[in-house]
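Just so it is clear, none of the values below were taken in a lab; they were calculated from the coordinates. Just so you know, these numbers come straight off a predicted model, no measurement behind them. Please note: Cβ atoms are built from the backbone with ideal geometry, for glycine as well, and neighbour counts cover all protein chains shown.
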């Protein structure tokens, strides 16, 4: 690397422009001891590839990248650039014009810029009173305009993302900052350059790269304007202590943003109504007919306050953290999510919303949790009902919440299914916007309603509403994220598990077989699905799978052994069966049996639709008989009561052949290969 | 003053409109350039000037301004129409196609800029000679100086007057 050398690198597709730009370079003064060379790149595939080609062609430490329509007029340009770099080794990039705060829409010219250049906007005014404000000395910026900038170090250019002619300058600026360098714009008493881009740019492909930049560089886009308004609807019921804390927290946020705060009080009798009446900065509605259903609570509140669009809905037991609104706004802007439901991370919900606090020493780590390599968000079939954002006009599109469903869970499940039917996305950001710790008291106490559950079943013609992925099974799909595996789930229901696999392995081909037509229709919005009875026809017979999944399904089949034998024919070499199977021998069943009870239920271990019942040993026998040689079984254990532990000890004394895990495992996760 | 939020939404609408309009603008541009080539080859002044109607069609969308070249063609047509109205020799005189026409326009800008910044006598003189050689009209000089990037127009006019071009 020659430290006394500066190279001008110009990408060009117009000889006329280039020739004139080169003419002006001839008028620049070259400091003593300095060597200067010029490279023109005429056949570049993109601006960044042209820049890279220029870099590789020279051993100059200092490189100035120019547009072909940029004319450098300042005679001491070279000396000034070198002296700025020499003044601070942390300066990696110098621009003529830049911005200290990137606008939220990523369009640099919409923001406040500093620096100077001759451009058409300066017409009719003296150059010294040029539109951009001039600060003294060096101005640190986050991005510079690409018409002319200089660098002192070579860092990797993001040719993988910016393969055109737009946003390469913004990307390069951000990359220098990410690499720990300063990016600066010097004070120019008169502009050092004239940029003759014909008054405006050609913008045909600009938007494509704008979106890429917004997704890749979320952290660089500016703060929310203090004129931005957020609408928050809190719902509460006899939770005055939590309500006060929640409102207090939101008030802290309102110092930075305009927040319209609304409270729906579902007939509280703990003084909530009186407290609300004393608050001047919020609006509230009190349902004086007593506790109403969740759907009615939302519908009437939305109508009363006119919250049909863009509203955050919280239960008061969720405490919105500082910075949440910033993050939410950034997410909405960068994801370009015009309409949809946005959920938040929690340790009280499964699927991709779930973050296990045990992984972290400090809860704040979970609050900044991010799957950095998985895009901006996961698509989900449902999110935690306690806090979600109704983005855009989906309330108008989907309609009112179904008031025949009293329970919160049923109301939201119904709403999610209606959203899916209408292709309204339900998403959870990969980066935590807000983290709700259920141990803080965030569990919802909205009453269960058996009638609502039955109404929901009747309405949709479905027995199960598996909106949550089976994470225990998904964790067994241990593959690199770029691997193009084939996965089939038998009895995929609404495809929650397959969707979660797709979230993790975007190149995976996922297929579902579902006997219930309604569930298959919902699943079809996410995966390739056949409404098929596995007992009659094996679906997708022309495909060989890496995984065939049975999530709590084998026990429902009339001949699970036969089904497993058939599945073997459709597995790839090394392919495996993944199954979750309830354990009949669980201590809760044994205890009831000892009392003389073996009562079937709607769900759970003794689901009345179970045709076969399994213990650990029976599972092993079945898979062996089906021809699987490698059988790995994990037990799923939930905490059990002390008296159950004692009962297990007693049972083990009576029959030592059995093992403790056979009693305390609620379910077994099986991974079987031939 | 728009807030960031409304700004963001309006920018998306703006870019959505660009994408939607590309299919309209590009064929219009091609049609315009083909017509220009035909009439320049024929040296048909009246027909050449009439091509501006195609540009006007694009102008109705307001989005043709997103193509820098289209904007410059509009300026060229403004010059041609003004010259035609005054009975001057057209800026397009003796040129055979739209590429040559645009090249002449750009060279005139360069020449005027050389006069404005006056970096070196020889360099400036080349610019003056270029303007003389192409018999640029007073109308064209004023239109270019008014619409392109020039600030010291009085200086340019003074030099051109001194050299007998204006």
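Descriptive notes on the structure:
- 0 to 90° range, to nearest 10: angle between helix A:450-460 axis and chain A longest Cα axis: 70
- 10 Å Cβ neighbours from other chains, averaged over peptide B:113-121: 3
- With a Förster radius of 25 Å applied to the beta-carbon distance between residue A:208 and residue B:103, the computed FRET efficiency rounds to 0.25.
- Short-range pairs are left out: with C-alpha atoms under 8 Å and at least six residues apart, the relative contact order of chain A is 8 percent.
- Among A:664, A:649, sorting on how many other beta-carbon atoms sit within 10 Å of each Cβ, with the fewest leading, yields A:649, A:664.
- For residues of B:142-151, the mean tally of beta carbons on other chains within 10 Å: 4
- Space enclosed by the convex hull of the alpha-carbon atoms of chain B, per residue, Å³: 140
- The packing ranking of peptides A:48-58, B:154-164, highest mean first, is A:48-58, B:154-164, where packing means the average number of other beta carbon atoms within 10 angstrom of each residue.
- Among the residues of B:17-26, the average count of other protein chain beta-carbon atoms within 10 Å of the residue beta-carbon is 2.
- Across q = 0.06, 0.11 Å⁻¹, chain A modelled as identical point scatterers on its alpha-carbon atoms has Debye log10 I(q)/I(0) values of -0.49, -1.12, in the order of the q list.
- Crossing angle, helix A:294-305 versus chain A [Cα axis fit, 0-90 degrees, rounded to tens]: 30
- Residue exposure proxy: A:275, A:165, A:235, ordered by other Cβ atoms within 10 angstrom of their Cβ from fewest to most, comes out as A:275, A:165, A:235.
- Ranked B:153, A:187, criterion: other C-beta atoms within 10 Å, fewest first: A:187, B:153
- Relative contact order, percent, segment A:546-674 [alpha-carbon distance under 8 Å, six or more residues apart]: 36
- The alpha-carbon positions of segment A:52-124 define a convex hull whose volume is 156 Å³ per residue.
- DSSP beta bridges in the protein assembly as shown [antiparallel fraction, %, rounded to 5]: 40
- Rounded tilt (10° steps) of B:138-147 against the dominant C-alpha axis of chain B: 40
- When you restrict to C-alpha pairs under 8 Å that are six or more residues apart and normalise by the size of segment B:59-162, the relative contact order lands at 28 percent.
- Ranked by the mean number of other Cβ atoms within 10 Å of their residues, highest first, the peptides A:9-22, A:409-422 fall in the order A:409-422, A:9-22.
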